[in-house]
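Worksheet for the structure shown next.
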Amino acid sequence: MFAVLMIFFLIFIAISVPIAVSLGLASAIALWWDGGTPIIVLVQRLFTSIDSFPLMAIPFFILAGTLMEYGGISKRLINLANALTGHLPGGLAIVTIIAAMFFSAISGSSAATTAALGSLLIPAMINRGYPPNFAAGTQAVAGELGIIIPPSIPMVLYGVTVSVSIGDMFMSGIVPGILIGFSLILTVYIIAKRRDYKPEPRKSLSEIFIAFKEAFWALLMPVIILGGIYGGFFTPTEAASIAIGYAFIVGVIIYKEIKLKQLIKIFIQSGITTATIMFIISSAGLFGWIITSENISQLVTQFITGISDNPLIFLLVVNIFLLIVGMFMETNASIIILAPLLVPVAVQLGIDPVHFGIIMIVNLALGMCTPPVGVNLFISAQLAKIRLDQITVGILPYYVTLLITLLIITYIPHLSIGLLQLLK
């Protein structure tokens, strides 16, 4: 049954069938081909895959992120970042990364971060004389921080899939996310100095204070969400629902950017995004169940440990494998399918499952800005009105930085779990 599953899955991917449909159809065909499994199991497994209280955090975070997108939060975060760093070489590109770091601590989604900020910053960078491929490439790599800096939808999925604390995953993503953000800033600075990109005028202290004052309510949101989770006041799912109320109050009452007539549009947009992600989760859950029932996890364990039982070699092999997977598969589906296969091997080799989760998510985040199916590339290229091959050229300088940072995060586990251990 596994051979049939993989053959049809690869066929559907090759002919550009959407990932959720590919997973579901391949699974249905495999069950039908096997003949020994009642087809009603397909429906049961599809439902069981999303029948989880922690997964309720996903639609809540999506709605909160959409409310903040319409509520003027992204504009105020950009203004604050520009006031702080716009005067540096490549200032507007650095602003793009810092704004992404701020917004990532709110949105939980890489695509949402890229779209919300890119619609403002990519045209601004092009108007300031930055090449379109560099502007779009910078926004694409900055957007990957959306699933690394907590809260993060893939972290929720990983925690649910392998029974790891979602709060621990959120805590462990803070330092790696900041490290990646600052490594990208350094890369922009070096490129800007070599290419002589002109900076923005330096802002006065009063202008910085005004920008901070206007962005205060936006900056307070991650403090409430993450502080409440780590302080034990509420669960990640409860935090996500609180985020909706906070985003509504900020967008409607404080910033007054959201009009009541826009709420229907916001709910529809959030509902479509939620349905898409849940469809992927459901189909991937069925796909993963078939893989597990065929004892593929044991074969994977034997194969990897057969190569080497050295955890350093194992992590290198996993990194290469996940980088390739991330180029072709959607992040959420990859986590649901691969985490149950790889985590037992990692734990057997003495690797902390929380640290391993961060490694997986950083790898797959890199895949979101890697051709041929990197979603951040398509969003940024569309906003910059350039082709995929053009944005790929613009993103090349960042790949070296991201790969080096990935290796640092992989082989220095205290960057991920050190803060968690310190607070516990």
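The values are calculated or read from the model by the stated rules, or taken from the named source; none is laboratory data. All values reported here derive from a predicted model rather than from experimental measurement. Because the Cβ atoms are built from the backbone with ideal geometry, glycine has one as well, and the counts that use them run over all protein chains shown. The accessibility values were calculated without ligands, DNA or RNA, using every heavy atom of the protein model including side chains. Shrake-Rupley method; radii C 1.70, N 1.55, O 1.52, S 1.80 Å.
Past 28 Å, Cα to Cα, is the threshold; run LYS198/LYS385; LYS75/LYS203; LYS75/LYS261; LYS259/LYS385; LYS265/LYS385 against it and keep the listed order. Can you show the working numbers first?
On the way: LYS198/LYS385 23 Å; LYS75/LYS203 17 Å; LYS75/LYS261 21 Å; LYS259/LYS385 30 Å; LYS265/LYS385 26 Å.
Over 28 Å Cα-Cα: LYS259/LYS385.
Find the eigenvalues of the gyration tensor of the Cα atoms of region 57-184, then list the square roots of 5 times those eigenvalues as equivalent ellipsoid semi-axes, largest first, in whole angstrom. Before the final figure, lay out each step's value.
Values: eigenvalues 142, 45, 28 Å².
Each semi-axis is √(5λ); the values are 27, 15, 12 Å.
Would you please classify the overall shape of region 154-239 from the alpha carbon gyration tensor, given that a ≥ b ≥ c denote the square roots of the eigenvalues, rounded means a/c under 1.5, and beyond that prolate means a/b larger than b/c while oblate covers the rest? Walk me through the intermediate numbers first.
On the way: a/c = 4.30, a/b = 1.61, b/c = 2.66.
Note, shape of region 154-239 comes out oblate.
Can you run phi through the Karplus equation (6.51, -1.76, 1.60; θ = phi - 60°) for region 231-247 and list ³J(HN,Hα) in whole Hz, with x for Gly and Pro?
Per residue, the Karplus-derived 3J(HN,Hα) values read x, x, 7, 7, 7, x, 5, 5, 4, 5, 5, 5, 4, 5, x, 5, 4 Hz.
From the C-alpha gyration tensor of the chain, pull out the three semi-axes of the equivalent ellipsoid (sqrt of 5λ each), sorted largest to smallest, in whole Å.
Values: eigenvalues 249, 116, 92 Å².
That gives 35, 24, 21 Å for the three semi-axes.
Return the carbon/sulfur percentage of the accessible area of region 272-345, one whole number, probe 1.4 Å, all protein chains in place.
Values: 2250 of 3090 Å².
Ligands and nucleic acids excluded, carbon and sulfur give 73 percent.
Return one whole number: the accessible area per residue of region 220-260 in Å², for a 1.4 Å probe. Kindly include the intermediate steps, with their values, before the conclusion.
Values: 1910 Å² over 41 residues.
It amounts to 47 Å² per residue over region 220-260.
Under the definition of Cα pairs under 8 Å and six or more residues apart, what whole-number percent is the relative contact order of the chain? If you can, show how the numbers build up before the last one.
Numbers: 660 pairs, mean separation 110.7, N = 424.
So the answer I get is 26 percent.
So if I take the centroid of the Cα atoms in region 350-424 and the same for region 15-61, what is the distance between those two points in Å?
Taking the Cα centre of region 15-61 as reference, the centre of region 350-424 is 27 Å away.
Counting helices only, and only those DSSP H runs with n ≥ 4, report the 222 nm mean residue ellipticity of the chain as the sum of -39,500 (n - 2.57) divided by its residues, in deg cm²/dmol to the nearest 500. Can you show the working numbers first?
Details: 20 runs with 331 residues, N = 424.
Taken over the chain, the calculation gives -26000 deg cm²/dmol.
Output the relative contact order of region 290-377, whole-number percent, from Cα pairs under 8 angstrom with separation of 6+ residues. Show your work: numbers first, answer last.
Working: 76 pairs, mean separation 31.2, N = 88.
Relative contact order of region 290-377: 35 percent.
On the protein heavy atoms, probe 1.4 angstrom, tell me the percent of accessible surface of region 109-167 carried by carbon and sulfur.
Details: 720 of 1280 Å².
That share works out to 57 percent.
Going 7 Å from the Cα of TYR399 toward and past its Cβ, which residues in region 322-362 have a backbone nitrogen under 16 Å from where you end up?
322-328
Give me a comma-separated list of calculated 3J(HN,Hα) values for region 137-148, in order, Karplus coefficients 6.51, -1.76, 1.60 applied at θ = phi - 60°, integers in Hz, x for any Gly or Pro.
Using θ = phi - 60°, the values come out as x, 4, 5, 5, 6, 5, x, 5, 5, x, 10, 9 Hz.
In terms of modelled amide H atoms, which long-range or inter-chain residues lie less than 5 Å from the amide H of TYR197?
Hits under the 5 Å cutoff: GLY90.
How high is the relative contact order of region 48-160, in percent, counting Cα pairs under 8 Å that sit 6 or more residues apart?
Rounded, it is 31 percent for region 48-160.
Among the trypsin sites (Lys or Arg not before Pro) in region 219-323, which ones are in a DSSP loop with at most 11 other Cβ atoms within 10 Å of the Cβ? Mind listing them? It would help to have the intermediate numbers written out before the result.
Numbers: sites: LYS256, LYS259, LYS261, LYS265; in loops: LYS256, LYS259.
Sparse-neighbourhood loop trypsin sites (Lys or Arg not before Pro): LYS256, LYS259.
What size of dipole, in debye to the nearest 20, comes out for the chain about its Cα centre when the only charges are +1 on Lys and Arg C-beta atoms and -1 on Asp and Glu C-beta atoms? The partial results should precede the final answer.
Details: 18 positive and 16 negative charges, 289 e Å.
Approximately 1380 debye in magnitude.
Can you tell me the Rg and Dmax of region 197-335, counting just the alpha carbons, in angstroms?
So, for region 197-335, Rg and Dmax equal 23.0, 64 Å respectively.
Quick check of the Kirkwood formula: for region 87-162, what is the inverse mean of 1/r over all pairs of different Cα atoms, in Å? Write out the running numbers ahead of the final one.
Details: mean 1/r = 0.0795 Å⁻¹.
For region 87-162, the Kirkwood estimate is 12.6 Å.
Quick check: pseudo-label points 7 Å beyond the Cα along Cα→Cβ at LYS259 and LEU407, how many nm apart are they?
5.4 nm
Can you list residues whose amide H is under 5 Å from ASP352's amide H, if they're 5+ apart or on another chain and H is modeled 1.01 Å from N?
none
At 1.4 Å probe radius, can you tell me the per residue accessible area of region 320-424 in Å²? If you can, show how the numbers build up before the last one.
Working: 4260 Å² over 105 residues.
Solvent-accessible surface per residue comes out at 41 Å².
Considering the zone a paramagnetic label at TRP33 would reach in this model (a point 7 Å from Cα along the Cα-to-Cβ line), which residues of region 1-20 have amide N under 18 Å from it?
Residues 1-17 fall inside that zone.
Please calculate how many Å² of accessible area region 60-159 carries per residue, with a 1.4 Å probe and no DNA, RNA or ligand atoms counted. Walk me through the numbers on the way to the answer.
Working: 1870 Å² over 100 residues.
I get 19 Å² per residue for region 60-159.
Could you tell me the distance between the Cα centroids of region 71-90 and region 239-288, to the nearest Å?
25 Å
Residue by residue through region 310-321, what is 3J(HN,Hα) from phi via Karplus (6.51 cos²θ - 1.76 cosθ + 1.60, θ = phi - 60°)? Round to whole Hz and write x for glycine and proline.
7, x, 5, 5, 4, 5, 5, 4, 4, 4, 4, 4
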